[in-house]
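Visitor: Just dropping this structure here.
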Amino acid sequence: MRLANITGKRVEEYLEKRKTVLIPVGSIENHGKHMPLGTDTLIPDRIVELLEEKCDVMIAPTIPYGATDNIYGCPGTITIGTDGLIMILTKIVDCLYRYGFRKFIILNGHGGNCKAIEAVGMYLHKKGAWLANLNWWLMVGELRPEWKGGHGGAEETAGVMAVDPSLVDMTYINEPMNLIDDVSPDMPTIGWNTVNFKGATVTIPREYANYSANGWYGTDEPHLATEEWGHEMLQTMADYIVDFAEAFEKIDLPEEK
Ligand SMILES: [Zn+2]
């Protein structure tokens with residue numbers, strides 16, 4: 001059930017029986033030369049289409065922008081920052097809370113959004129409501145370890161293929177990761193904001209363009225992606241959310257602080 005497609009009267013009727021609303025949150029950011037900037041928004045949107053065939057949970061419009069300051073600078077990337085996302089998400093949940101929604105499911109497409117989503121979750125908890133954050137790309141790797149992936153690697157590439165294969169630019173599907181040791185030759189870049197020094201991981205926040213010549217990162221190379229993988233993975237996540245939403249609706253609300 002899409003909030004944008006129904007009347008206020010229907011919302012009132014829904015709230016007599018249920019308190020849950022699902023809000024997809026995405027991002028517009030570089031994912032390597034082969035992937036669309038909207039990857040983190042396109043995939044949650046597709047999961048929502050699949051799950052709404054099986055359950056009638058209320059679905060609010062997607063927030064297409066996210067907090068992606070470390071990818072800022074790669075052409076097309078738009079970041080609203082953690083502060084911007086907290087502000088927008090708080091205003092949205094405040095409105096929904098006023099009408100009686102007390103259970104908020106976030107279907108998140110981007111790791112950089114987590115800090116903001118969790119802050120809003122704490123805020124809601126104090127108000128006697130629950131927020132559950134579902135990071136689809138991490139969860140599918142738990143549900144099926146072979147689906148585990150990185151940023152713009154085979155996992156997300158398969159996800160975009162399931163949305164629309166023509167969105168993947170196959171010209172660049174074999175581009176290597178090309179991490180750059182921009183901090184120091186003694187401190188090789190090993191991942192998101194991280195370097196290795198004497199066998200241990202140190203986090204040094206900086207813009208992604210400094211340390212990745214391409215923009216994708218992970219052990220799951222993009223060329224390994226298939227459309228079949230994507231379809232099965234997004235369907236599995238959609239089915240999981242159907243079950244989760246049902247169980248989430250049944251739990252008692254926390255005490256208001
Ligand atoms: Zn992504």
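Visitor: Return the FRET efficiency for the residue pair LYS17, TYR72: r is the Cβ-Cβ distance, R0 is 45 Å, and the value is rounded to the nearest 0.05.
Guide: 0.55
Visitor: Need the full-extension length gain, ASN210 to ALA4, defined as separation in residues times 0.36 nm minus the C-alpha distance. One decimal, nm. If you can, show how the numbers build up before the last one.
Guide: Values: separation 206, 0.36 × 206 = 74.16 nm, distance 4.05 nm.
Using 0.36 nm per residue and subtracting the Cα-Cα distance, I get 70.1 nm.
Visitor: A further question on this structure: With loop defined by DSSP as not H, G, I, E or B, and exposure as at most 12 other Cβ atoms within 10 Å, which is the longest segment of the chain clear of exposed GluC sites (Glu not before Pro)?
Guide: Numbers: sites that count: GLU53, GLU255, GLU256.
Between exposed loop sites, the widest span is 54-254.
Visitor: When the Debye formula is applied to the Cα atoms of the stretch 43-86, each taken as the same point scatterer, what base-10 log of I(q)/I(0) results at q = 0.27 Å⁻¹?
Guide: Log-scaled intensity ratios, in q order: -0.92.
Visitor: If each DSSP helix of 4+ residues adds -39,500 (n - 2.57) and the sum is divided by the residues in the chain, what number results at 222 nm, nearest 500 deg cm²/dmol?
Guide: About -12500 deg cm²/dmol.
Visitor: When only DSSP loop residues count, what trypsin sites (Lys or Arg not before Pro) in the stretch 142-218 have their Cβ near at most 15 other Cβ atoms within 10 Å? Present the calculation step by step, with values, prior to reporting the outcome.
Guide: Values: sites: LYS148, LYS198, ARG206; in loops: LYS148, LYS198, ARG206.
Sites meeting the loop and neighbour criteria: LYS198, ARG206.
Visitor: Right, next: On the Cα set of the stretch 66-215, report Rg and Dmax in Å, please.
Guide: 18.1, 56
Visitor: Next up: Tell me which residues come under 5 Å, amide H to amide H, from LYS33 once H is placed; ignore anything under 5 positions away on its chain.
Guide: Close amide H contacts, sequence-distant or interchain: TRP216.
Visitor: Moving to a separate point now. Which values, in whole Å and largest first, are the semi-axes of the equivalent ellipsoid of the chain obtained as the square root of 5 times each eigenvalue of the Cα gyration tensor?
Guide: 34, 21, 16
Visitor: Also: From the phi of every residue in the stretch 124-129, what ³J(HN,Hα) in whole Hz does the Karplus formula 6.51 cos²θ - 1.76 cosθ + 1.60 yield, where θ is phi - 60° and glycine or proline is x?
Guide: 5, 4, 5, 8, x, 10
Visitor: Sticking with this one: Nearest 5 percent is fine: what portion of the DSSP beta bridges confined to the chain is antiparallel? Don't skip to the end; give the middle numbers.
Guide: Details: 10 of 27 bridges.
That works out to approximately 35 percent antiparallel.
Visitor: If the viscosity is 1.002 mPa s and the temperature 20 °C, what translational diffusion coefficient in µm²/s does Stokes-Einstein give for the stretch 1-101 when Rh comes from Kirkwood over Cα pairs?
Guide: 143
Visitor: Below 22 Å, Cα to Cα, which lysines can LYS148 reach? Residues fewer than 8 away in the same chain don't count.
Guide: Result set, ordered by chain and number: LYS33, LYS115.
Visitor: For LYS17, which lysines qualify as cross-link partners when the Cα separation must be under 27 Å and same-chain residues fewer than eight apart are set aside?
Guide: The reachable lysines, counting only those whose Cα sits under 27 Å from LYS17, are LYS9, LYS54, LYS91, LYS103, LYS126, LYS127, LYS250, LYS257.
Bear in mind these aren't lab numbers, they're just calculated from the coordinates by the rules spelled out. Since the structure is predicted, the reported quantities are computational estimates derived from the model, not experimental observations. Every residue, glycine among them, receives a Cβ derived from its backbone with ideal geometry; neighbour counts consider all protein chains shown.
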